[in-house]
1. Go through the range 1-51 and report how many residues are part of a loop (DSSP other than H, G, I, E, B), under 20 Å from Asp99 (Cα atoms) and touching a strand residue (DSSP E or B) at 6+ places or on another chain (Cβ under 9 Å).
2. Quick check on Leu61: is it under 14 Å from the mean Cα position of the chain (by Cα), closer than 23 Å to Ser7 by Cβ and assigned to a helix (DSSP H, G or I)?
3. Name the single residue, out of those in the range 25-48 being under 17 Å from the mean Cα position of the chain (by Cα) and without any contact (Cβ under 8 Å) to a residue 24 or more places away in the chain, that is surrounded by the most Cβ atoms within 10 Å (Cβ to Cβ).
4. Could you tell me whether the range 111-118 includes any residue that is out of contact with any Phe, Trp or Tyr (no Cβ under 8 Å at 6 or more places or on another chain), among the hydroxyl-bearing types (Ser, Thr, Tyr) and within 19 Å of Thr60 (Cα to Cα)?
5. Hey, can you tell me all the residues within the range 87-102 that are closer than 19 Å to Ser135 by Cβ and surrounded by 14 or more Cβ atoms within 10 Å (Cβ to Cβ)?
6. Pull out all pairs, ordered by first then second residue, where Cβ-Cβ is under 8 Å, the residues are six or more apart or on different chains, the first lies in the range 54-73 and is more than 11 Å from Tyr9 (Cβ to Cβ), and the second is of a type in the set (A, V, I, L, M, F, W, C).
7. Tell me the residue from Val142, Val104, Val127, Val97 that is in a strand (DSSP E or B), farther than 19 Å from Arg52 by Cβ and touching a residue at least 24 places away in the same chain (Cβ under 8 Å), please.
Amino acid sequence: MKDILLSPYKFVLKLKPLSQNAAKQPFLRKGSKFPILLKTSAYRKYEKELIRLLDQELTTLNAISKELSESMMILHLAFFIPKDKYFTKKGKENKTVGDADNFVKPFQDVLFSKLKGMDDYQIKKVVSEKHWVESEDYFIAVGVEGLSG
């Protein structure tokens, strides 16, 4: 979390994260040996809501696009899960909450669709954390910094 606070570009979104497993579903076309991945209805809903929230962060997103368009970067993500969802009734960590790294790709794909002239290949490093919060709401904290050299 400290990395996000130190990032030059940062913002927090009130949104439940979506895992990669819930975002895409394999589909095998007739006559094909290899499945393609299709967006699930949960992903389409998540994508729509995330775009709406990112539109409220246009000042920060435009600054990232302007200042880091030619740079490699570090993406810091912290996913905050309500305590009652994060832990089981016995107080153990709930394994169904999702892995911190499994939340990254769906978020990253939508984020970079909003960053003009940028592509997620520019990410050199991802720092992903998962935390619990006393709140009943889910949050995603985002920090972006450029890499020099």
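Where a number appears in this text, it was derived from the coordinates with a stated rule and is not lab data. The structure presented is a predicted model; accordingly, all values stated were derived computationally and were not measured. Reconstructed Cβ throughout: ideal geometry from the backbone, glycine too, with neighbour counts over all protein chains shown.
1. Residues that pass the stated criteria total 6.
2. Values: under 14 Å from the mean Cα position of the chain (by Cα): no; closer than 23 Å to Ser7 by Cβ: yes; assigned to a helix (DSSP H, G or I): yes.
Considered against the rule, which asks whether it is under 14 Å from the mean Cα position of the chain (by Cα), closer than 23 Å to Ser7 by Cβ and assigned to a helix (DSSP H, G or I), Leu61 comes out as no.
3. The first filter runs over the range 25-48 and keeps only residues under 17 Å from the mean Cα position of the chain (by Cα), leaving 39-40, 42-48.
Right, trim to without any contact (Cβ under 8 Å) to a residue 24 or more places away in the chain and you get 39-40, 44-45, 48.
On the way: Lys39: 13, Thr40: 15, Arg44: 11, Lys45: 11, Lys48: 10.
The selected residue is Thr40.
4. yes
5. Phe87, Asn94, Val97, Gly98, Ala100
6. Listed by first residue and then by second, the contacts come to Leu54/Leu13; Leu54/Leu61; Leu54/Val110; Leu54/Leu111; Ser69/Met118; Ser71/Leu147; Met72/Ile123; Met72/Leu147.
7. Values: Val142 fails: farther than 19 Å from Arg52 by Cβ; Val104 fails: in a strand (DSSP E or B); Val97 fails: in a strand (DSSP E or B).
Step by step, each of Val142, Val104, Val127, Val97 is checked, and only Val127 is in a strand (DSSP E or B), farther than 19 Å from Arg52 by Cβ and touching a residue at least 24 places away in the same chain (Cβ under 8 Å).
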